[in-house]
Amino acid sequence: MRSALILENGMVFQGRSIGSTAPKICELVFNTSMTGYQEILTDPSYAGQGIVMSYPLIGNYGVNQEDNESRRPWAEAFVVRHLSPRGSNFRCEGDLNSYLQQYDITGIEGVDTRALTRLLRCQGTMNAMVTTEPQENWESCLAQIRAYRVEGTVERVTRQREEVFPAEGAVFLRVALMDYGVKQNMIRCLQKRGCEVTVFPASTPAQRILEGGFDGVMLSNGPGDPADNTAIIAEIRKLYDSSLPLFAVCLGHQMLALATGAKTRKMRFGHRGGNHPVKDLLAGRAYITSQNHGYVVDRESVRPEVAEVSHVNVNEGSVEGLLYKRPNCFTVQFHPEASPGPMDTEFLFDRFVNMMKGGKV
């Protein structure tokens, strides 16, 4: 079946329909990863967005339940150059096209994803629609496309009730993890370091955490504009004003910055992929990181009496981490649990654990 990708600037890319045939409006972004398409689809940070995979062959190793980063895929649409009709891997449990159909993700293949990626880099992230509607209906779709906005996504992706994940190994620390769109491997990274992890819905009051006897708090990644989450930011401020060790990633990093007086801004096309170089200014070395964000903390708005910039993006100098003057509090923009290096920055979980141990002595 023929399908079309209609951009808000009026351009149209035509191809073949994959996955669901339901028309979907989304914020169109691109990801430069060569593998990990299932982890990308199930990353809650993509809620409300359509993903263009710049690598041309997608689906070649199939899908399996083990690689899911959350309970379901969250992307609205999926755009690829070529979708492999079958997966070839000993872990394969099904093909990607059936997976997209199962979760009602509308897709299109046969698109020149290199040209589309260049377009999004030059003109910036833009809204789009993937549809199987005939050409005579395309013009009427533009008003809907241009009016679309990603909003209410944290409420959509967060879990509805508390959930406890037991610790592995000998060390036993209790961590409260705020679920703004958490990836499962973030929980596993804490578990294997001897942490019992209690995951809380995004709207949980800070008082519940402060009275829970936890050794530390982690603020997770998540989707959307961080500034939209005013009620959550107010509760984060209460956690910051406590003495509990705090570690925040991605959206959590941005919202903690907002809670302490800094500002965030939308990037032209964001950082999404597994090959982003980040420099640790304090250690004087660089790491290859996995990233997925369209907003960034404005460096000029970070007050020196509150925090110092600890990490920057090597390519364009944007803020990738903050070390707070308040004891036992640090944040990063990238994903230390996503193993791009493959484990270049997992030591940040060790740093968090050591902070919590110090708080117990």
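The values are calculated or read from the model by the stated rules, or taken from the named source; none is laboratory data. Everything numeric in this text was worked out from a predicted model, so none of it was measured. Glycine also receives a Cβ, built like all others from the backbone with ideal geometry; neighbour counts cover every protein chain displayed. The area values use the complete protein model at the heavy-atom level, side chains included, leaving out ligands, DNA and RNA. Shrake-Rupley method; radii C 1.70, N 1.55, O 1.52, S 1.80 Å.
Considering only residues in the stretch 205-236 that are free of Cβ contacts under 8 Å to residues at least 40 places away in the same chain, small (Gly, Ala, Ser) and in a loop (DSSP other than H, G, I, E, B), the one that is surrounded by the fewest Cβ atoms within 10 Å (Cβ to Cβ) turns out to be GLY213. Considering the stretch 246-294, and only residues there that are among the polar types (S, T, N, Q) and over 24 Å from ASN354 (Cβ atoms), the residue that is nearest to the chain's Cα centre (by Cα) turns out to be ASN292.
Scanning the stretch 185-201 for residues that are open to solvent by 10 Å² or more (accessible area, probe 1.4 Å) and either touching a residue at least 40 places away in the same chain (Cβ under 8 Å) or at positive phi (or both) yields ASN185, ARG188, ARG193, PRO201.
When the stretch 116-146 is filtered for residues that are free of Cβ contacts under 8 Å to residues at least 24 places away in the same chain and among the hydrophobic types (A, V, I, L, M, F, W, C), the ones remaining, listed by number, are CYS122, ALA143.
Screening ALA75 against (1) in contact with an Asp or Glu (Cβ under 9 Å, 6 or more places away or on another chain); (2) farther than 18 Å from PHE30 by Cβ; (3) in a loop (DSSP other than H, G, I, E, B) leaves a single unmet condition, (2). Taking the conditions (1) under 20 Å from ASN275 (Cβ atoms); (2) in contact (Cβ under 8 Å) with a residue 40 or more places away in the chain; (3) open to solvent by 50 Å² or more (accessible area, probe 1.4 Å) in turn, ASP112 satisfies each one other than (1).
Out of all the residues in the stretch 275-296, which are open to solvent by 30 Å² or more (accessible area, probe 1.4 Å) and either of a type in the set (Asp, Glu) or not in a loop (DSSP other than H, G, I, E, B) (or both)?
Looking only at the stretch 275-296, we keep the residues that are open to solvent by 30 Å² or more (accessible area, probe 1.4 Å), and these are 275, 279, 281-286, 288, 295.
Matches in the stretch 275-296: ASN275, LYS279, ARG285, ALA286, ILE288, TYR295.
Which of the residues that make up the stretch 248-278 are in contact with an Asp or Glu (Cβ under 8 Å, 6 or more places away or on another chain) and over 24 Å from LEU190 (Cβ atoms)? Listed by number, the residues that qualify are ALA262, LYS263, THR264, ARG265, LYS266. Just checking, does the stretch 86-97 include any residue being buried (at least 21 other Cβ atoms within 10 Å of the Cβ) and in a loop (DSSP other than H, G, I, E, B)? No, the stretch 86-97 contains no residue that is buried (at least 21 other Cβ atoms within 10 Å of the Cβ) and in a loop (DSSP other than H, G, I, E, B).
Across the stretch 237-260, the number of residues qualifying as buried (at least 16 other Cβ atoms within 10 Å of the Cβ), outside any helix (DSSP H, G or I) and either touching a Gly at 6+ places or on another chain (Cβ under 6 Å) or not hydroxyl-bearing (Ser, Thr, Tyr) (or both) comes to 7. Among residues of the stretch 31-51 that are of a type in the set (Val, Ile, Thr), those with a beta-carbon under 6 Å from a residue that is open to solvent by less than 10 Å² (accessible area, probe 1.4 Å) and outside any loop (DSSP other than H, G, I, E, B) at least six positions away or on a different chain give the pairs THR32/GLY273; ILE40/ASN31; ILE51/ASN31; ILE51/PHE78. Taking the stretch 24-58 as the range and being in a strand (DSSP E or B) and open to solvent by 10 Å² or more (accessible area, probe 1.4 Å) as the test, the residues that pass are LYS24, ILE25, GLU27, PHE30, GLN49, LEU57. Here THR106, THR117 are screened, and the one residue that is buried (at least 21 other Cβ atoms within 10 Å of the Cβ), closer than 28 Å to ASN64 by Cα and not aliphatic (A, V, I, L, M) is THR106. Taken as a whole, the structure places MET178 among residues that are in a strand (DSSP E or B), crowded, with 22+ Cβ neighbours inside 10 Å and within 20 Å of the chain's Cα centre (by Cα).
Name the one entry in PHE347, PHE352 that is touching a residue at least 12 places away in the same chain (Cβ under 8 Å) and open to solvent by less than 70 Å² (accessible area, probe 1.4 Å).
Details: PHE347 fails: touching a residue at least 12 places away in the same chain (Cβ under 8 Å).
It is PHE352.
It is to be established whether one or more residues within the stretch 344-354 are assigned to a loop (DSSP other than H, G, I, E, B) and touching a helix residue (DSSP H, G or I) at 6+ places or on another chain (Cβ under 7 Å). Within the stretch 344-354, one or more residues are assigned to a loop (DSSP other than H, G, I, E, B) and touching a helix residue (DSSP H, G or I) at 6+ places or on another chain (Cβ under 7 Å). The set of residues in the stretch 317-336 being open to solvent by less than 30 Å² (accessible area, probe 1.4 Å), part of a loop (DSSP other than H, G, I, E, B) and polar (S, T, N, Q) consists of SER318, GLN333.
Can you find a residue that is over 16 Å from the mean Cα position of the chain (by Cα), closer than 23 Å to MET218 by Cβ, of a type in the set (S, T, N, Q) and part of a strand (DSSP E or B) anywhere in the stretch 297-316? Spell out the reasoning first.
Taking the stretch 297-316 and keeping what is over 16 Å from the mean Cα position of the chain (by Cα), we get 298-316.
Checking which are closer than 23 Å to MET218 by Cβ leaves us with 302, 306-313.
Keeping just the survivors that are of a type in the set (S, T, N, Q) gives 310, 313.
Filter once more, keeping what is part of a strand (DSSP E or B): 310, 313.
Yes, that holds for at least one residue.
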